[in-house]
Each structure stands twice: as C-alpha cells, then as structure tokens.
1. Could you tell me the largest-minus-smallest coordinate of the C-alpha atoms of the stretch 103-187 on each of the three principal axes, in descending order and whole angstroms?
2. Measure off 7 Å from each Cα along the Cα-to-Cβ vector at D101 and A303, then give the distance between these two points in nanometres to one decimal.
3. With respect to the cross-link table entries K221/K435; K134/K348; K134/K200; K134/K283; K283/K435; K134/K221, which display a Cα-Cα separation exceeding 26 Å?
4. Report the percentage of all Cα-Cα pairs in the chain whose separation exceeds 42 Å, rounded to a whole percent.
5. About its Cα centre, what dipole magnitude does the stretch 224-365 give when the only charges are +1 on Lys and Arg Cβ and -1 on Asp and Glu Cβ, stated in debye to the nearest 20?
6. Treating the beta-carbon of each Lys and Arg as +1 and of each Asp and Glu as -1, no other charges, what is the dipole magnitude of the stretch 182-228 about its Cα centre, to the nearest 20 debye?
7. Assuming R0 = 60 Å, can you tell me the calculated FRET efficiency for the pair R431 and K348, based on Cβ-Cβ distance, to the nearest 0.05?
8. Taking amide hydrogens as modeled 1.01 Å from N in the peptide plane, which residues meet the under 5 Å criterion relative to G333, leaving out close sequence neighbours?
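Where a number appears in this text, it was derived from the coordinates with a stated rule and is not lab data. These numbers were taken from a predicted model, which means no experiment stands behind them. Backbone-built Cβ (ideal geometry, glycine too); neighbour counts: all protein chains shown.
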Amino acid sequence: MNRRGFLQQGLSAAAAAAAAQWTTMPSKAALSPNERVTLCVAGVRGQGGHLLATFAGLSSAVVKYVCDVDESVLRQRIDETESRTGRRPEGISDFRRALDDPEVDALVLGTPDHWHAIPTIMACQAGKDVYVEKPDGHNLLEGRSMLAAMRKYSRVVQLGTQGRSSPHLLSAMEYLRSGHLGRPVCAKAWESSRQGALTKRPDGDPPPGVDYDMWLGPAPKRPFNPNRFHGNWRWFFDYGTGDLGNDGVHRLDMARWALESAMTGAGEGPLGLPQSVSAHGGKFYFEDEQEWPDTLQVTYAFASKLLTYEMRIWAPYSYHGESEGAAVFGDEGYMVIGNSRWRHYSPKGEVVAEDSGGYNLAGHAQNFIDCMHSRSRPAADLETVGSVSSMLCHLGNAAWRAGRTLRFDAENYRFIGDDDANRYLTRPEYRAPWKLPSPDQV
C-alpha cells in the first residue's frame, strides 16, 4: 500500500481500532456527560507544568488545586494558570488535602518517580481517578500495588505514555495489524539523544520555601544536594529509574506495542511477559555523580520473540534516522518508528509506506477525561498498557543492578531462585510515616 492510499484510511481505522481495544470498566456513579471534571495537579515544575497547562486548557476540566512542595514553583504555576483560564486555583503543598475534598474527581501526578505509587494508591482509596506520569512507580512492587488499588476501587488510571494517543502511532499499529511485515520475530527500542553530566556539588540547605522532607517522602533521609533535586533526581537510585524509566519507557512501549500488533497481523499472540532478562552496561562515558548507567543494552526473551533496548545518552547522532525510536522486524520487511513518523521498509530496503504526526498530550489528557465519564479503559490504561511497559523498565534495571541474566516468574512476579536480585524489585525500606501497601492490602 502506498502512502496516499494508506493515509486515506489510516487515521479513521486507527481510531476505530483503538476504541475497540478499550473494554468497559466496572461502573460507578458516573459523571454527567457535560460535567467538567475537577482536578488537583501535583508536582508541577517540569513535565508536571506541561500537564497543568494542558489540563487547565481543556474546556472539560477545572483545576481546583495546584500542589507542589516548592513555594516559588507553586506561585508561578498558579499565576500562569490564572492568566490562561481567568480562574485562580488554590495552592497546596500536600496532595492529601485534595483527596479529602469531595469536589475533586481526579489527581494528576507530575511528581518524581518515587512519588508515583503512594499518591496513586491513596487517590484510588479516596475514590479519585488518576493520571500519573511514567513509569508507574519507582519499582516493580509499587506498580503492582498501584494496579491492585485501581482494580479494587474500580478507578480509571492513565499512564503518561502519550504515544498511545498519537495519531501516527495509532496508524502504525493499524498498519501492522494488517499483516504487512509477515511473521514478526523481534523488536528493538533505543535512546541515543545526548544528556549532560552532573559535576560534583556540595551538600547544603534546601532553597527557601521548599518542604524538603515532603519532597523526600518515602525515600531515605539524606542531606540536601542540588544534584539530587529538581530535574536531576531521576539519575539516582533513591528517587528515579534512570533513563530506562525516563525516556526508555516510551520507546519500549512503542516497540512492545508494535511487536504485538505485528503478531496480531500474523495471527499470533499474545506476547505476554518475558521469561528472562539480561542487561549489560554502565557509566562508560560520564565521570560524574549519576548512579544509573549512561550506556545500556537490555534483552527481554519471550517464548518465541525477542525484544531489545539500547541506551546511549552520550551520543550526538541518531540510529535508523531516529534519535529515539523503535523498530519491529518481520520476514517480509520491517518498520522504524520515531516520535513523529514511521516508515515501512521492504526486504530490499525500499520505503513501502509511511506516515507522520507527533505526540498528542492534549488528546491523551482528553482521553483520560472522556474515560472518567464513560468508565472505559483509557488509551494508556494502567492494567493493559502502563503496568506492562513500566515492568519492562523495572526488570531491566534489576537485571543491570544484579549483573546477570535473570529468569522471571510471571505468575508470582519474582526472579526464579535469586533472592539477591529480588531485592531490586522493591525499596529496602519506606521512610515513616509513608508506607507502601502490598497488592493484597491496598
């Protein structure tokens, strides 16, 4: 199929296919179809600031609370929101205040990774729906407890993998489900966009107006250091999941989705969870304070498929024409997928079909709100999408930290015969008063 022929039907077919994948969730007292949802947006400095602007800009939502532990960030975001919407939200520093408000319908989380799980679980327990940034938590156990809470309290939980609402990715998956690659065998995801180094900086006092104890939350108590704070926290074991959980979760989600879609096109599936995981890499380029690797290769072995991930966050050049991307390989061709386009190549390397687009944050946010009304699964539903792709990141990080190939028991979510590696599936301790309930205690 050529580009013109495909594009005539691609987006409408993709949208229909996406809708067909959503299954109705357990019902509750539904919101009126015309009722605007009331939100609290928490953690609003970086990506959370984009989330706040996006949700506040939707006619279907009202932001009642803006929550952040940094007073300067909080004031700035409140002023920006009032300027855009004409309505001034209330500023709070503790998300629990919003959970106690019966007017609040949902919690939107742009917080660091170590502040994804506990607020999500508490929001579900309080009867709120949740939009939470990726990955689903700081570790595998957190993701499982989040999922258990979503199920128990019949909540809508959307993960911030916006690619699931992006038109060019929806058209790519519809194309793959048509069987154009033949029999798929493997897929690859990669990151090769250059990051910076973290030069050593001394400990000191938190900036004025920062509730540092609240920022730490369940993480260990440590002296304040700017390298471990705004924007840099993701490179440390206590708070982040490295670039595998930062950007890699998007690309792994694309690769997994593409592989599963191609399998459907070949009459195969489902893919399921990996049987074993191996990871090799380290700090091969940056000599700095970062704890997570700057170079990494992870291999996920499934029953009859292979999925790989490559990270080179020092590289100033692209791979397969994409600095960040995924590819799926079949016996009749392969597809390369980037953040704004995809291309299907024949066995001779000729472009057979292609499409372009981009991430759709506003559409992803609106999809979440639409599903709050309908009680349907959102595009990046935690159970069927978010938890699975996040789990790949958690497993890859655990394999890298363990330094060996790990066999995974997908029924019990444990590594087989390796208690030492299993310690990387959770945090050694959750600092009081914060506790992570187990999946059977949420």
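1. 48, 28, 24
2. With each label placed 7 Å out from Cα toward Cβ, I get 4.9 nm.
3. Result: K134/K348; K134/K200; K283/K435 exceed 26 Å.
4. Cα-Cα pairs in the chain separated by more than 42 Å: 11 percent.
5. 100 debye
6. 420 debye
7. The value I calculate is 0.55.
8. For G333, no residues qualify.
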